[in-house]
Amino acid sequence: MNKKNIRVSGRLRFFLSALLFLGLVLIVITLYTYTQSIMAGAILTGFLLLYFCLLMLCYARMSSVFMYEMISFATQYGQVQKQLLKNFDLPYAVLDEDGKVVWANLSFERLTETKSGAGKTIHSIFNEITLDKLPGKDEDFGESEVEIEYKDGDYLCRMRRIPLNDMVTQNALLETTPDYQGHLTTICLYDNTALKIALREVDDQSLAVALIDIDNYDEALESVEEVRRSLLTALIERKINKYMSSMDGITKKLEKDKYMVILRKKSLKQLRDSKFDILDDVKTVNIGNEMAVTLSIGVGLDGLSYGQNYEFARAAIDMALGRGGDQAVVKTPDQLTYYGGKSQQVEKNTRVKARVKAHALMEIVSGKDQVFIMGHRNGDVDSFGASIGVYAIARALERKAHIVLDTITPSMKPFVEMFAGNPDYDNDFIVNGRTAMEIAGNNAVLVIVDVNKPSITECPDLIGKCKSVVVLDHHRQSNEAVENATLSYVEPYASSTCEMVSEILQYTTDNLKIKNDEADAIYSGIMIDTNNFTQKTGVRTFEAAAFLKRNGADVTRVRKLFRENVGDYKAKADAVSQAEIYKNFYAIAICEAEECESPTVVGAQAANELLNIKGIRASFVFTYYQNQVFISARSIDEVNVQIIMEKMGGGGHMSVAGAQLSDTTIDGGIQLLKDTLDNMIQEGEI
């Protein structure tokens, strides 16, 4: 170290300069003293010489002494800082670029029960802190925060990035490249356990709103003697009140079959943990009624206000009823959660609702210039038959109608050909989605059939183009729905959309005439969705078939339309013969139908065939088609395949459902299905 290169600055330099300035002042005073007294001037001159000698000596020794004192001070100061940080009450640690702990204070070591030199990665200590959670150089101030749970405690972890560029560059012992971007990361843990407990306690005390509907109130009362009906009502009401009271809830009867419940969020957690066992408990009420009582429950939670929770509850109860009842739906701002739904839907004997919906549909169509009818992508016979029925209604009301159809599947091809070359229908009777978007005017109505999820319709953009939208469907509602529909008629109890359209046709106009081909198409839709009238058939299903039969439907013609080629038949037979029986009750098969025109249809037919095996509760057939794995799920009455498929991203009915899997193989899909079945069996959901 060259001492001559040491310079002082700041306040210390000012202090030393002041001493030199004082010496100059003394020189002036000495000169003035000589004018008054030579003896006094000589004395001051001696003092002045001594002063400058001492000052020069101090300057000469200042560099070495000053540097020694500064280094000594810095060393002592660094030790104090180290001790303060080492004994800091907050857990504190330093990580290298790979996330390994290179230094930690005593609080951090006590918390994690590790030593600073252990070299553990921070992720191995706190699972929530991964490398991607560490602050990057582009983040604001190089800082980030992560909330973690550790040893029954809640912590806020604040991390700061410390660049090493300047530090390493100025170090004579190290040599780096110009683009060196090394850094350290400091983390500090703040204990938020008490705060989290307080927030959870406040959250647990927040109120949730629940609406309860008795699904089959009238039907259940009619199944018992008149003198015992009041007793049945009292038992049901007592069961609901007692159950909700045990959850510290308040129950208020709104109508004969409707209740509103106010309860704490903490109590709702008990309901969710028990899978809303009141759904099964209320079915035990039996005083001779032939029909078990079922409930639908809608719960609103985590809204910004009590009013919003009530709106959530209303939306949830509508969803529960739209999915067939006998289930609970919990709605929050972020998601919908379903519980129950194990019972078959109860068929309504009255047609009042169908008549009301038919008249409403007439009013909507009569007030429009154009009618567009659209089903789901990769349409089937039910969606096309229902479209034909709505077309007949529009024609009877003298309105221009178009069926929107982009892809004609092999199963639909024979039916489309019946109408495509028929001179009784206009050339634009069937249009694609692009054409529909171009010709749709401001006064057009869109009728969506056989689907209530806008994302899987033939042309989702057409929904936004038409101001009036009507939904006719028999599938259970899902999280996704057509918003602000002018008319929504979704009845999960119906066997098919063609059945619903057949009922609407009977109430549309007195002089409505449908042609033979139209009757065949609608009748075919009912046949295909009921598997030749063996699934989901009720009184109204056969009444609809009888109406179509009176209007010219011919069973022989329809049967010929459903005949399949030998390749499809062999593929279906091969899938059945190779089926695996899982857990003694579930048939799983692979349909190798690449050479077939419609592999998914063949897979669905194979799933139906597997139900004919004794002991099989549900069947699942996997088909690889168009770079996706399609699953056809079927059951009779013992298993709700809809909730199984919903777990895998699909949906459908209790006995007829399906799903489409992307970015996977058939083997991966089968393993996913088995894992889903195992989890649902363990949880008691099936």
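Every number here is computed from the coordinates shown, using simple stated rules; none is lab data. Here the structure is a predicted model, which means the values were calculated and not measured. In this analysis, Cβ positions are derived from the backbone assuming ideal geometry, glycine residues included, and neighbour counts consider all displayed protein chains.
In this structure, ILE636 and ASP461 have a Cβ-Cβ separation that, at R0 = 22 Å, corresponds to a calculated FRET efficiency of about 0.05.
Using the alpha-carbon atoms, what tilt in degrees (0 to 90, nearest 10) does helix 516-530 show relative to the longest principal axis of the chain? The angle comes out at about 60 degrees. Take the Cβ-Cβ distance between SER274 and VAL227 as r, set R0 to 51 Å, and report the resulting FRET efficiency rounded to the nearest 0.05. According to the calculation, E is roughly 0.90. Helical content alone sets the calculated 222 nm signal of the chain at -14000 deg cm²/dmol, taking -39,500 (n - 2.57) per DSSP H segment of four or more residues and averaging over every residue. Here the Kirkwood formula, the inverse mean of 1/r across different C-alpha pairs, assigns region 530-686 a hydrodynamic radius of 16.5 Å. Quick one: which of LYS151/LYS265; LYS133/LYS331; LYS275/LYS647 span more than 23 angstrom between C-alpha atoms? Pairs exceeding 23 Å: LYS151/LYS265; LYS133/LYS331.
Packing, taken as the mean count of other beta carbons within 10 Å per residue, orders the peptides 414-420, 584-590 from highest to lowest as 584-590, 414-420.
For the peptides 18-25, 321-328, the ranking by mean Cβ contacts within 10 Å, running from highest to lowest, is 321-328, 18-25. Sparsely packed loop sites in region 599-686 (the chymotrypsin sites (Phe, Trp or Tyr not before Pro) outside DSSP H, G, I, E and B with at most 10 other Cβ atoms within 10 Å) do not occur. Model label points for ASP426 and GLU438, set 7 angstrom from Cα along the Cα-to-Cβ axis, are 1.5 nm apart.
Packing, taken as the mean count of other beta carbons within 10 Å per residue, orders the peptides 468-474, 153-159, 633-639 from highest to lowest as 468-474, 633-639, 153-159. The distance separating the Cα centre of region 580-630 from that of region 230-274 comes to 42 Å. Of the Cα atoms belonging to the chain, the radius of gyration and Dmax stand at 40.7, 149 Å.
Here LYS515 is the anchor, and the lysines within straight C-alpha reach of less than 16 Å, apart from those fewer than 8 places off in the same chain, are LYS549. The angle between the Cα long axis of helix 666-683 and the longest principal axis of the Cα atoms of the chain comes to about 90 degrees, rounded to the nearest 10. Ordered by the count of other Cβ atoms within 10 Å of each Cβ, fewest first, VAL482, VAL390, VAL449 give VAL482, VAL390, VAL449. Considering every alpha-carbon pair of region 352-561, the percent of pairs per 5 Å bin, from zero through the bin containing the longest distance, is 1, 8, 17, 23, 22, 17, 9, 3, 0. Size check on region 215-341: the Cα extents along the three principal axes, sorted descending, read 47, 28, 25 Å.
When the alpha carbon gyration tensor of region 453-563 is reduced to an equivalent ellipsoid, its three semi-axes come out at 27, 17, 14 angstrom, largest first. Taking all Cα-Cα distances within region 355-470, those exceeding 20 Å account for 35%.
Of the residues SER206, GLY552, GLN270, the one whose Cα sits farthest toward the positive end of the charge dipole of the chain, with +1 on the Cβ of Lys and Arg and -1 on the Cβ of Asp and Glu, is SER206. Rounded to the nearest 10 degrees, the inclination of helix 381-396 to the longest alpha-carbon principal axis of the chain is 70 degrees.
Using the Cβ-Cβ distance between LEU512 and SER206 with R0 set to 56 Å, the FRET efficiency works out to roughly 0.55.
Fewest neighbouring Cβ atoms within 10 Å first, the residues THR537, THR556, THR457 line up as THR556, THR537, THR457.
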